[in-house]
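The values are calculated or read from the model by the stated rules, or taken from the named source; none is laboratory data. What you are looking at is a predicted structure, and each value in this text was computed from that prediction instead of being measured. Ideal geometry is used to build each Cβ from the backbone, glycine not excepted, and the neighbour counts take in all protein chains shown.
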C-alpha cells in the first residue's frame, strides 16, 4: 500500500489531488500546529479579471496561543460563508459547473459551523469526488500518533501497514530518506508541474486552488491533474 500525507488545506491546489490520485490512502496531519505567519492551511487562490484572488477562512486566534489545526474554529462562519459564496458567484457564475458546485459548497459551509477541520475535509472530499478520485483520508489524530518529522511518517506508515510513502518533490531536503529506507519503507516522489488549462479571465495562472480547475474544466480536470504529475523513485 502507498500512502501520502498533507496538512489540512483549504480548497487545495492540484498537487494535493495529484498525490491523492497516486495514493491508496492519504493521512491528514491535523495534529500539527498552525504555522505562525503565512500558511496555506486556511487560505488559497482563485482567479478574477485582475488576476489571482486570495481567499482566507478567518480562524479564532486571540488569546488562544498556537493551536493544533484540528482545534481551529472559524470566526463568524455565517458572514465568511456568505462572502465566499458571493465571490464564487461573481467570478465563476458563468461556469457550466457552477450551480451544483455552489449548492454543495453552501451545504458544506452550513454543516461545518465553526469547525474548521470539518470544512477542510468535506470540501476536499467534495472536489476529489468531482474529479473522480476515490482515495480517502484518515486523520493523524484518529491514529493516535503524535511524533514529528520523519519519525512521524514512519510511525504512521507502520500503523496503516504501508510499504511505500509518496512525498512531494524535494521533500528529501527536509526529511531523512535514509531513515525511511532503514525502516523498510520505499519512497516515491511526485513532481507537480501544472499544465495550462482553459481558465476564465485571461492568461493562465498556475498553482491556483483546484476549485478553479473544476469550475473551468469540470470532469476533464482530472486529466490535467494526471498530466501535471510525474512520479520518480527514491
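In the set (1) surrounded by fewer than 19 Cβ atoms within 10 Å (Cβ to Cβ); (2) at negative phi; (3) more than 19 Å from the chain's Cα centre (by Cα), the condition left unmet by residue 162 is number (1).
Answer with yes or no whether residue 72 is within 15 Å of residue 119 (Cα to Cα), in contact with a helix residue (DSSP H, G or I) (Cβ under 8 Å, 6 or more places away or on another chain) and modelled with pLDDT of 95 or more. When the stated conditions are applied, residue 72 passes them. If the condition is being out of contact with any helix residue (DSSP H, G or I) (no Cβ under 6 Å at 6 or more places or on another chain) and surrounded by 15 or more Cβ atoms within 10 Å (Cβ to Cβ), then the range 42-51 contributes 42, 43, 44, 45.
(1) within 17 Å of the chain's Cα centre (by Cα); (2) assigned to a strand (DSSP E or B); (3) closer than 29 Å to residue 202 by Cβ; (4) in contact (Cβ under 8 Å) with a residue 12 or more places away in the chain: which one isn't true of residue 5, the others all being true? Only one criterion in (1) within 17 Å of the chain's Cα centre (by Cα); (2) assigned to a strand (DSSP E or B); (3) closer than 29 Å to residue 202 by Cβ; (4) in contact (Cβ under 8 Å) with a residue 12 or more places away in the chain is unmet by residue 5, namely (3). Looking at the range 55-141, the helices (runs of 4 or more DSSP H) lying wholly inside it that each contain 2 or more residues that are surrounded by 15 or more Cβ atoms within 10 Å (Cβ to Cβ), within 14 Å of the chain's Cα centre (by Cα) and free of Cβ contacts under 8 Å to residues at least 40 places away in the same chain sit at 116-131. Among the residues making up the range 34-53, those that are part of a strand (DSSP E or B) and out of contact with any strand residue (DSSP E or B) (no Cβ under 6 Å at 6 or more places or on another chain) are 47, 48, 51.
When the range 148-162 is filtered for residues that are over 17 Å from residue 172 (Cα atoms) and either free of Cβ contacts under 8 Å to residues at least 24 places away in the same chain or outside any helix (DSSP H, G or I) (or both), the ones remaining, listed by number, are 155, 159, 161, 162. For the range 211-234, filtered to residues that are within 23 Å of residue 96 (Cβ to Cβ) and in contact with a strand residue (DSSP E or B) (Cβ under 6 Å, 6 or more places away or on another chain), the residue that is surrounded by the fewest Cβ atoms within 10 Å (Cβ to Cβ) is 228.
Each residue in the range 163-187 was checked for being assigned to a helix (DSSP H, G or I), farther than 12 Å from residue 4 by Cβ, out of contact with any strand residue (DSSP E or B) (no Cβ under 6 Å at 6 or more places or on another chain) and in contact (Cβ under 8 Å) with a residue 12 or more places away in the chain, and 3 of them qualify.
When the residues of the range 190-234 are filtered to those that are in contact with a helix residue (DSSP H, G or I) (Cβ under 7 Å, 6 or more places away or on another chain) and assigned to a strand (DSSP E or B), the one that is nearest to residue 151 (Cα to Cα) is 190.
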